[in-house]
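Peer 1: Quick one: the structure is below, questions incoming.
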Amino acid sequence: MHEADEGVIKFAADHRDTPLDEGTFGSLARVLGGWRAVLRRAGLIGRDPLRYSGAGYGNVSARVGDGPPGRRPFLITGTQTAHRADLSLDDYCVVERYDPPRNRVSSTGGVLPSSESMTHGSLYDLSPDIRAVLHGHSPALWRRAVELDVPVSDPAVPYGTPAMAAEVERLYAHTNLAERGVLAMGGHKDGVIAVGSTVEQAGTRLVAALARAWE
């Protein structure tokens, strides 16, 4: 993974620039924002001129509806928002459809979706029970992932690509990802992801994995 590619959208984005409804999405955005604040304080989300060529890193999402694979809509932080301490609803968008084989995402909101949206969608497609995805960057957890029995994706597979969709499916089927809910992205320097049936469960899983890495 080239550090200069951090935060760069690699998919075709069909985006409607329409404000999200506060009554529909505001409460969930605040829950995501609370856990995002925890991850920022732990250094997993943010922007540092000394890391990744100064690009922002980390994003969070949660499901907002049901549907078949490729059409499980989710609320996600927008691209290039990781540097902000606090987000408003205008800094989120809803990914409505995602098509890994065609490398295309359809979304709506006041900002373009995170560069990791395709990976988030691929994770939601693994199981209808996955309702939240938290992505951050932890050098300690990333380096110790194998030692800590955290599944690691193939280093040859870059983030935000159709190949990553197949890779997370492989991990879910053949590792402890379904049980532990945490993975390290071998082809995405320091990248780690937690999934859960709620935002709280995903956050708790990620914090627990960090604690083990920092022991």
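Peer 1: Given the residues THR81, THR24, THR119, which is the only one that is crowded, with 19+ Cβ neighbours inside 10 Å, among the hydroxyl-bearing types (Ser, Thr, Tyr) and out of contact with any Phe, Trp or Tyr (no Cβ under 8 Å at 6 or more places or on another chain)?
Peer 2: Working: THR24 fails: crowded, with 19+ Cβ neighbours inside 10 Å; THR119 fails: out of contact with any Phe, Trp or Tyr (no Cβ under 8 Å at 6 or more places or on another chain).
Answer to the check: THR81.
Peer 1: Separate question: VAL105 is checked against (1) under 22 Å from ASP129 (Cα atoms); (2) not in a strand (DSSP E or B) and fails just one. What number does that condition carry?
Peer 2: Unmet condition: (2).
Peer 1: Does any residue of segment 74-83 turn out to be outside any strand (DSSP E or B), without any contact (Cβ under 8 Å) to a residue 24 or more places away in the chain and not hydroxyl-bearing (Ser, Thr, Tyr)? Spell out how you get there, then give the answer.
Peer 2: Quick first cut of segment 74-83, residues outside any strand (DSSP E or B) only: 79-83.
With the extra rule that they be without any contact (Cβ under 8 Å) to a residue 24 or more places away in the chain, the set shrinks to none.
Scanning segment 74-83, I find no residue that is outside any strand (DSSP E or B), without any contact (Cβ under 8 Å) to a residue 24 or more places away in the chain and not hydroxyl-bearing (Ser, Thr, Tyr), so the answer is no.
Peer 1: Moving on. Exactly one of these conditions fails for SER197: (1) surrounded by fewer than 16 Cβ atoms within 10 Å (Cβ to Cβ); (2) among the small types (Gly, Ala, Ser); (3) on the phi > 0 side of the Ramachandran plot. Give me its number.
Peer 2: Evaluating SER197 over (1) surrounded by fewer than 16 Cβ atoms within 10 Å (Cβ to Cβ); (2) among the small types (Gly, Ala, Ser); (3) on the phi > 0 side of the Ramachandran plot leaves (3) as the failure.
Peer 1: Another one. How many residues does segment 33-64 hold that are under 13 Å from ALA194 (Cβ atoms) and surrounded by 18 or more Cβ atoms within 10 Å (Cβ to Cβ)?
Peer 2: Within segment 33-64, the first condition is being under 13 Å from ALA194 (Cβ atoms), and the residues that meet it are 35-36, 38-39, 42, 44-45, 58-62.
Going one step further and asking which of them are surrounded by 18 or more Cβ atoms within 10 Å (Cβ to Cβ), we end up with 35-36, 39, 44-45, 58-62.
Of the residues in segment 33-64, 10 are under 13 Å from ALA194 (Cβ atoms) and surrounded by 18 or more Cβ atoms within 10 Å (Cβ to Cβ).
Peer 1: Inside segment 94-137, can you point out the residues that are at pLDDT 95 or above, of a type in the set (Val, Ile, Thr) and over 10 Å from the mean Cα position of the chain (by Cα)?
Peer 2: VAL94, VAL95, THR108, ILE130
Peer 1: Kindly establish whether ARG180 is touching a helix residue (DSSP H, G or I) at 6+ places or on another chain (Cβ under 8 Å), surrounded by fewer than 18 Cβ atoms within 10 Å (Cβ to Cβ) and not aliphatic (A, V, I, L, M).
Peer 2: Details: touching a helix residue (DSSP H, G or I) at 6+ places or on another chain (Cβ under 8 Å): yes; surrounded by fewer than 18 Cβ atoms within 10 Å (Cβ to Cβ): yes; not aliphatic (A, V, I, L, M): yes.
Against the criterion (touching a helix residue (DSSP H, G or I) at 6+ places or on another chain (Cβ under 8 Å), surrounded by fewer than 18 Cβ atoms within 10 Å (Cβ to Cβ) and not aliphatic (A, V, I, L, M)), ARG180 qualifies.
Peer 1: Select from segment 141-162 the residues that are in a helix (DSSP H, G or I) and either in contact with an Asp or Glu (Cβ under 8 Å, 6 or more places away or on another chain) or buried (at least 16 other Cβ atoms within 10 Å of the Cβ) (or both) and list them in ascending order. Don't jump to the end; show me each part of the working.
Peer 2: Pass one, segment 141-162, residues in a helix (DSSP H, G or I): 141-143, 162.
Scanning segment 141-162 gives LEU141, TRP142, PRO162.
The values are calculated or read from the model by the stated rules, or taken from the named source; none is laboratory data. A quick note: this is a predicted structure, and the numbers were derived from the prediction, not measured. Heads up, the Cβs are rebuilt from the backbone with ideal geometry, glycines too, and the neighbour counts pull from every protein chain shown.
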